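See below for the structure under consideration.
The values are calculated or read from the model by the stated rules, or taken from the named source; none is laboratory data. Given the structure is predicted, the values throughout are model-derived calculations rather than measurements. Quick reminder, even Gly has a Cβ in these numbers, built from the backbone with ideal geometry, and neighbours come from all protein chains shown. With ligands, DNA and RNA removed, areas are computed over all heavy atoms of the protein, side chains included. Shrake-Rupley method; radii C 1.70, N 1.55, O 1.52, S 1.80 Å.
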Amino acid sequence: MTPPDSPPVTRSKWRQAYDRFLRISGDPHDIALGFALGIIVGFTPFEGVQMVIAIAVAAFFRCNKVSAAMAVWVTNPVTVPIIYALTYVVGDWCIGGNAHAAVIQKLHTMDPASWVSAVPDILWPLIIGGVLVSIPIAAIGYFAAYKCITFYRNSRKSHAVLP
């Protein structure tokens with residue numbers, strides 16, 4: 001009996017995305033700035049339209065729209081509970097530190113159909129906290145993206161065969 005054919009060895013999805021990111025054409029500053037702006041948008045609670053917002057923001061600031069759209073995926077099913085919990089706590093603290101108690105009380109005493117009225121109490125802390133938490137992370141993302149892109153391009157130049 002012969003063993004079943006093994007699937008071809010493929011690179012991980014993360015590695016493929018990273019390789020695509022490195023090969024984005026354009027100025028490294030513009031790509032890194034788009035990436036940083038995408039991180040900031042990725043920390044906002046506008047799940048589902050974050051990519052559209054990131055592309056619009058990148059277009060407004062005249063930086064790379066592709067890298068902005070890619071960076072939005074910092075919020076994904078694995079990271080979103082951590083990110084939103086952190087941004088909510090920070091935003092709640094900035095607003096006054098007691099919004100969470102009001103939201104929890106409102107959600108426990110209301111029927112699920114009325115939960116929509118609690119959205120503003122949840123949304124503002126998420127927005128404020130998202131911006132505040134994302135700024136230092138976006139700064140780190142900018143410098144990391146810039147370094148990775150310039151390192152990749154310089155290594156490609158040094159390995160190029162001259163005629």
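Some points to look at:
- The simple spin-label model puts a point 7 Å past each Cα toward its Cβ; for Trp73 and His29 those points are separated by 2.8 nm.
- The label point for Leu132 and the one for Asn154, both projected 7 Å from the Cα toward the Cβ, are 3.8 nm apart.
- Distance between modelled label sites at Arg62 and Glu47, nm, 7 Å Cα→Cβ extension: 3.6 nm
- Residue by residue, segment 45-50 carries 3J(HN,Hα) couplings of x, 9, 3, x, 10, 4 Hz when phi is fed to the Karplus relation 6.51 cos²θ - 1.76 cosθ + 1.60 (θ = phi - 60°); x denotes Gly or Pro.
- Charge context of Leu126, other residues only, Cβ under 12 angstrom, K/R +1, D/E -1: -3
- Amide H to amide H distances under 5 Å link Ile24 with no residue, where only residues 5 or more positions off or on other chains count and H is placed in the peptide plane.
- Per-pair calculated FRET efficiency, R0 = 25 Å: Phe143 and Ala85 via Cβ, rounded to 0.05: 0.45
- Solvent-accessible surface of protein heavy atoms, probed at 1.4 angstrom with all chains present, puts Cys63, Cys94 in the order Cys94, Cys63, largest first.
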